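The values are calculated or read from the model by the stated rules, or taken from the named source; none is laboratory data. Model, not experiment: these values are computed from the prediction. Cβ placement follows ideal geometry from the backbone for every residue including glycine, while neighbour counts extend to all protein chains displayed. Side chains included, ligands, DNA and RNA excluded: accessible areas come from the protein's heavy atoms. Shrake-Rupley method; radii C 1.70, N 1.55, O 1.52, S 1.80 Å.
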Amino acid sequence: MIPDMEFNFLGGASEVGRLGMLLRGVDATLLFDYGLQPTDPPQYPLDAPPVEALLLTHSHLDHCGMVPVISRRQQTDIIGTPVTFDVARMLLEDSIKVSKNEGFPQPYTMKDIESVGRSAVTIDYGDLLKIGSFEVQVHSAGHIPGSCMFEMNGKRTVLFTGDFHTIDTHLVEGASPVVCDVLIMESTYAGRSHPDRRETESAFLAKIKEVVERGGVALVPCFAVARTQEILMTLADSDFEVWLDGMGREVSQHYLRHTSYVRSRRDLRRALKRTEIVRSPYGREKALGGDVIVTTGGMMDGGPVMFYLDRLKDDTRNGVLLTGYQVEGTNARSLIDQGTVEIKGAKTGVSCEVVYFDFSAHAGHEELVEFVEGCDPSTVILMHGDSRQDLADDLSGLECLLPKEGEWYPI
Ligand SMILES: [Zn+2]
């Protein structure tokens, strides 16, 4: 029997990023995710007390970026899917490099990242775990390969969604609702809807065609994790000469090693096989003669995208096709809002066309409402959103909680 529980957000309740949530039962405390905000400088969640286990939903840095701090301090099981650990390790190592380059203090070392590997307990969808009196069932979250939702069963059933999406994309199948009493749900897109995905894909391909036909190159800045692969799969059936540069190459290799977390191993392989890979400065020059360049970073604040942008921005025949949400204060945001970017410390105008396409991996407002209906809870706790009230307004008849960070709430 599970006793009454209480929860406390260490970060990421009223904002998107640096997520961490404690769930305390009578004999165990669980920590769900422990991430950082990869801003400039990074922002961290509140300190975590000793916990019985850390349940990791997925490998994005705002969910996993502080995990080494936990494994360094205490011998705690860190629970996640194999692909989550592999990709997280790569991102954590990269974040140390970025911190060194930028001169930020780093809360952990390479040795601490190794300690995550030693504490790792790998799980799969459908697994049932016992942690103290918590019985935890693992579900797919449909967000990126290996992403999980966790269901805690007992006197009351609690579902922690992490980031999720309910539509099928090229890369992953959408998540299904899980019937529960208490739903702790992300609300990144509260109050905002996504356009139909198939229409977005058609418009994206049509724009590339237009750019190529007028003699230009389409630059597609992408997050390395999942977005890059989704875009390459979207381009798989086209005739364009597609080049890939940046960390998305390595993530693709991880996904090829863990194809059980990908919707179609065949389609991913096919997409990667027809893509030209940049491996050298010479390759970068060759890529500039192709049709499409898919490259990191998605926010255009560093990575190989800066090289391409510098070379392509002044020719009006070229196009920058943004595929991710533009966080405030980033180059991608400034490009959309003001038509300027910062390259090598200098603010500069961009003459080429700039278009945004919504390839989000998060449920939009309508999907969130539908998901709540499918889970049929008596209580909904909204997290991971800066416009949660917009969603709460649409959930009448349910007890709806918008917790603050650093406070305990009973369930
Ligand atoms: Zn995520």
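Looking at the structure I just gave you, is PRO304 buried (at least 18 other Cβ atoms within 10 Å of the Cβ), out of contact with any Pro (no Cβ under 7 Å at 6 or more places or on another chain) and within 22 Å of ASP163 (Cα to Cα)? Judged against the criteria, PRO304 is not a match.
Against the criterion of being without any contact (Cβ under 8 Å) to a residue 40 or more places away in the chain, assigned to a helix (DSSP H, G or I) and either over 20 Å from SER147 (Cβ atoms) or in contact with a Lys or Arg (Cβ under 9 Å, 6 or more places away or on another chain) (or both), ARG279 does not qualify.
Among the residues of segment 288-304, not a single one is in a helix (DSSP H, G or I), in contact (Cβ under 8 Å) with a residue 40 or more places away in the chain and of a type in the set (A, V, I, L, M, F, W, C).
If I filter segment 381-390 for residues that are within 22 Å of GLY12 (Cβ to Cβ), among the small types (Gly, Ala, Ser) and more than 16 Å from the ligand (Cβ to nearest atom), do I get at least one hit? Walk me through it before giving the result.
Our first condition is that a residue be within 22 Å of GLY12 (Cβ to Cβ); within segment 381-390, this holds for 381-390.
Checking the rest, the ones that are also among the small types (Gly, Ala, Ser) come to 385, 387.
If we keep only those that are more than 16 Å from the ligand (Cβ to nearest atom) as well, we get 387.
Looking for residues that are within 22 Å of GLY12 (Cβ to Cβ), among the small types (Gly, Ala, Ser) and more than 16 Å from the ligand (Cβ to nearest atom), one finds at least one in segment 381-390, hence yes.
Considering segment 34-110, the qualifying helices (runs of 4 or more DSSP H), each wholly inside and each with 1 or more residues that are under 21 Å from ALA13 (Cα atoms), within 16 Å of the ligand (Cβ to nearest atom) and open to solvent by less than 60 Å² (accessible area, probe 1.4 Å), run over 61-64, 67-73. Looking across segment 136-170, just one residue is within 14 Å of the ligand (Cβ to nearest atom), of a type in the set (Val, Ile, Thr) and more than 22 Å from GLY20 (Cβ to Cβ), and that is THR169. Screening segment 388-403 for residues that are closer than 12 Å to HIS365 by Cβ and open to solvent by less than 40 Å² (accessible area, probe 1.4 Å) and picking the one that is farthest from the chain's Cα centre (by Cα) gives LEU395. Taking segment 206-239 as the range and being in contact with an Asp or Glu (Cβ under 8 Å, 6 or more places away or on another chain) and surrounded by fewer than 15 Cβ atoms within 10 Å (Cβ to Cβ) as the test, no residue passes.
Screening ALA332 against (1) in contact (Cβ under 8 Å) with a residue 40 or more places away in the chain; (2) open to solvent by 50 Å² or more (accessible area, probe 1.4 Å); (3) more than 16 Å from the ligand (Cβ to nearest atom) leaves a single unmet condition, (2).
Any chance you could count how many residues in segment 345-368 are of a type in the set (D, E, K, R), in contact (Cβ under 8 Å) with a residue 24 or more places away in the chain and over 20 Å from GLU173 (Cα atoms)?
Looking only at that region, the number is 1.
Are any of the residues in segment 310-319 in a helix (DSSP H, G or I) and hydrophobic (A, V, I, L, M, F, W, C)?
Yes; the residues of segment 310-319 include at least one that is in a helix (DSSP H, G or I) and hydrophobic (A, V, I, L, M, F, W, C).
Might you check whether a residue that is modelled with pLDDT of 95 or more, in contact with a Leu (Cβ under 8 Å, 6 or more places away or on another chain), more than 16 Å from the ligand (Cβ to nearest atom) and in a loop (DSSP other than H, G, I, E, B) occurs anywhere in segment 338-352? The answer is yes; a qualifying residue exists. Set side by side, the residues ASP376, ASP314, ASP358, ASP394 differ, and just one is of a type in the set (D, E, K, R) and within 16 Å of the ligand (Cβ to nearest atom), which is ASP358. Residues in segment 250-276 that are touching a Lys or Arg at 6+ places or on another chain (Cβ under 9 Å) and without any contact (Cβ under 8 Å) to a residue 24 or more places away in the chain were compared, and the one that is most open to solvent (accessible area, probe 1.4 Å) is LEU256.
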